[in-house]
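Student: Handing you this structure, nothing more for now.
The values are calculated or read from the model by the stated rules, or taken from the named source; none is laboratory data. In this text, all values refer to a predicted model and were calculated from it rather than measured experimentally. All Cβ positions, even for glycine, are placed from backbone atoms using ideal geometry, and neighbour counts span all protein chains on display.
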Amino acid sequence: MKSRHLHLKDPKSLISAFIGGSLVVIVLCLCVTAGIFTYTFVSKEIQRIGIAQRQVLQFFQFQQTIIGEEMWTRNLESIAVRVAGIASQLGDAEYELYLADESGACLYHSRSGLSEKNCAAPTDLREFTQQAQNPAEIKHVLRFDDSTKRNIYMTPIFVGSTLKGYLYTTLSDPYHFYRGGIWSLIFETFFPAICVIILVLTVWFYACNRWFLKPYLESLVELQREQAFVRAAQQVAHDLKSPLATLLQVTETLKQVPPERLRLIRNAVSTIRDIANSLIGRKCEAASAPTKGATTSSGEQPTVQLLSNLIDIAVAERRAEYRSMARVEISDHPSKESYGLFVKVQPTEFKRMLSNLINNAVEAVEGSGQIAVNVSSDTDKVIISVVDNGKGISDTRLLQLGRRGATFDKPNGRGLGLFHAKETAKASGGELKIESKENEGTTVSVILPRAETPEWFVPQLAVNENTTVVVLDDDSSIQQTWANRFKSVSKSPISLLKFSRADEVLAWQMSGKAPKDTLYLCDYQLNHQSKNGLDVIEELSIQDQAVLVTGHFEERDIRERCALLGVRMVPKELIGFLPILVSPVV
């Protein structure tokens, strides 16, 4: 149980690791990208700040001489007008102007067009005037004040070499340039961007988990449950095939049983067949899930199929659907005549065709009735007949059936069932025939070309009276069925050895007791054993003397391995109908 839970968690861990790794890569890439863009922005911003500062210096230095002369003549209002003009050229910046004399005392103050002469010089200006003993050594200052968010420009005013006073101006930044340091600028721009990225990725991860990861994991768990069901169905079907083969063989020999009891026995056998075939049908549905739901054509290519197997599955589906209708009996008893008949058809379309024909037969039965699916053959044809004892069809309507849209006495009928059957038979190189008598019943026959028997199939078993037959099967009823079959076809007793374990056959073969003329009948699936029947055949190199007896004959990997080894097969449910030819020793 623990390993099963781990198995269910592994896909989630894998997907979580993938999404987590993707997120890490995405975050790293976005961080690097954000860092590059932030650094580029900071560099450009610093360049713009430098350009703006040089522009301020150029404006003031260009008018430095004129401002000096106006300071000399005490035309202070004119200096304020010039500073206002410079502020206007810098994008309508707000300005504040202080003018001080040679000693640093305030002469004039102007702000936003308002001026006054009784003023006090700012602390920065007083410190600026006192920083050097020799006024000629004082240089201009241009800096940005973080507290007021303004540019501060201070410069001495000379006329020639004579100091006439000091100019102190603050200018607002109309362009909103960032004046902090490069690292603080990176911090204030980069980290908000990262927070936004993390927020977006968190939302994205939540969305992926809710709309992708969680539904995917739920579907994965559902798929694993379906696969577990398929494996269980395969095992149950295998277990049912063995007693089914025995019952089928026994019912053929019950000659003295009263008809009513024989009918009960055959119904019980049919029920077992239905269970096994319905499980096989579920397995096929799981394998072909992507194409499930097709209503017109399965899109599959025609392949050579064992006819009895197709009929078993189709009839089992119909029996399951109509099981509540006790008045209707649907039968398809296999016989020796139907053994080894193959047709080249599209399996899905064939089963759909047969299902439609059975549905029509059920609808034609009024009150209680019987429906039989029979199979017969001649040299190159096989005939599948669906026979009912229903109300029958008049000669007039009989001529119209099989055409598209032709339907009678069906409120919701669309006339597609018989048309599809006719087209399906025609596509497989065959034809559809309908025979009916009113109040007696109807027989719908599908006539198809008989396909060549595949190499993997055993049409008959030929042995002589001295042949030793080895049966490897873990089901004792199958072993007994083989014993009964050989006993019924041979006047002299056939030497029959029964083994239920692969290691027993290997030990017997290695002991040297095996006669040269030995026939091995090996089951494929040996429960709770490390080797299957094909492993035994391959290990002993007895391909020419062995037949694989299995209910898994349709599985591709088993067929491919049999073809590779040159081993032929017999479907386990057909053991009772396999022709056995025993030749006398000359």
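Student: Report whether or not residue 564 is out of contact with any strand residue (DSSP E or B) (no Cβ under 8 Å at 6 or more places or on another chain) and farther than 18 Å from residue 467 by Cα. If you could, list the steps in order and put the result at the bottom.
Tutor: Numbers: out of contact with any strand residue (DSSP E or B) (no Cβ under 8 Å at 6 or more places or on another chain): yes; farther than 18 Å from residue 467 by Cα: yes.
The answer is yes for residue 564.
Student: Another question, if that's okay. Restricting to segment 455-473, what's the tally of residues that are assigned to a loop (DSSP other than H, G, I, E, B) and surrounded by fewer than 18 Cβ atoms within 10 Å (Cβ to Cβ)?
Tutor: Qualifying residue count for the region: 6.
Student: Within the bounds of segment 77-84, is there any residue that is surrounded by fewer than 19 Cβ atoms within 10 Å (Cβ to Cβ), hydroxyl-bearing (Ser, Thr, Tyr) and farther than 23 Å from residue 155 by Cβ?
Tutor: No.
Student: Return the pair list, or none, for Cβ contacts closer than 9 Å from residues in segment 570-585 that are in contact (Cβ under 8 Å) with a residue 60 or more places away in the chain and under 17 Å from residue 473 (Cβ atoms) to residues that are assigned to a strand (DSSP E or B) and of a type in the set (D, E, K, R), at least 6 apart or on different chains.
Tutor: From residues that are in contact (Cβ under 8 Å) with a residue 60 or more places away in the chain and under 17 Å from residue 473 (Cβ atoms), the pairs are 572/523.
Student: How many residues does segment 486-519 contain that are closer than 18 Å to residue 545 by Cβ, charged (D, E, K, R) and in a helix (DSSP H, G or I)? Break it down stepwise before answering.
Tutor: Initial filter on segment 486-519 (closer than 18 Å to residue 545 by Cβ): 486, 494-499, 502, 504-519.
With charged (D, E, K, R) added as a condition, the list becomes 498, 504, 513, 516-517.
Applying the additional criterion that residues be in a helix (DSSP H, G or I) yields 504.
The qualifying residues number 1.
Student: Out of everything in segment 535-551 that is over 25 Å from residue 466 (Cβ atoms) and surrounded by 21 or more Cβ atoms within 10 Å (Cβ to Cβ), what residue ends up being modelled with the highest pLDDT? Break it down stepwise before answering.
Tutor: Pass one, segment 535-551, residues over 25 Å from residue 466 (Cβ atoms): 535, 538-539, 550-551.
In the following step, the residues that additionally are surrounded by 21 or more Cβ atoms within 10 Å (Cβ to Cβ) were identified as 550-551.
Values: 550: 88, 551: 81.
Within segment 535-551, the match that is modelled with the highest pLDDT is 550.
Student: For the subset of segment 433-454 comprising residues that are polar (S, T, N, Q) and over 18 Å from residue 418 (Cβ atoms), which member is modelled with the lowest pLDDT?
Tutor: Within segment 433-454, the match that is modelled with the lowest pLDDT is 439.
Student: With the condition kept exactly as written, say whether any residue in segment 489-502 is within 25 Å of residue 561 (Cα to Cα), touching a residue at least 24 places away in the same chain (Cβ under 8 Å) and surrounded by fewer than 14 Cβ atoms within 10 Å (Cβ to Cβ).
Tutor: no
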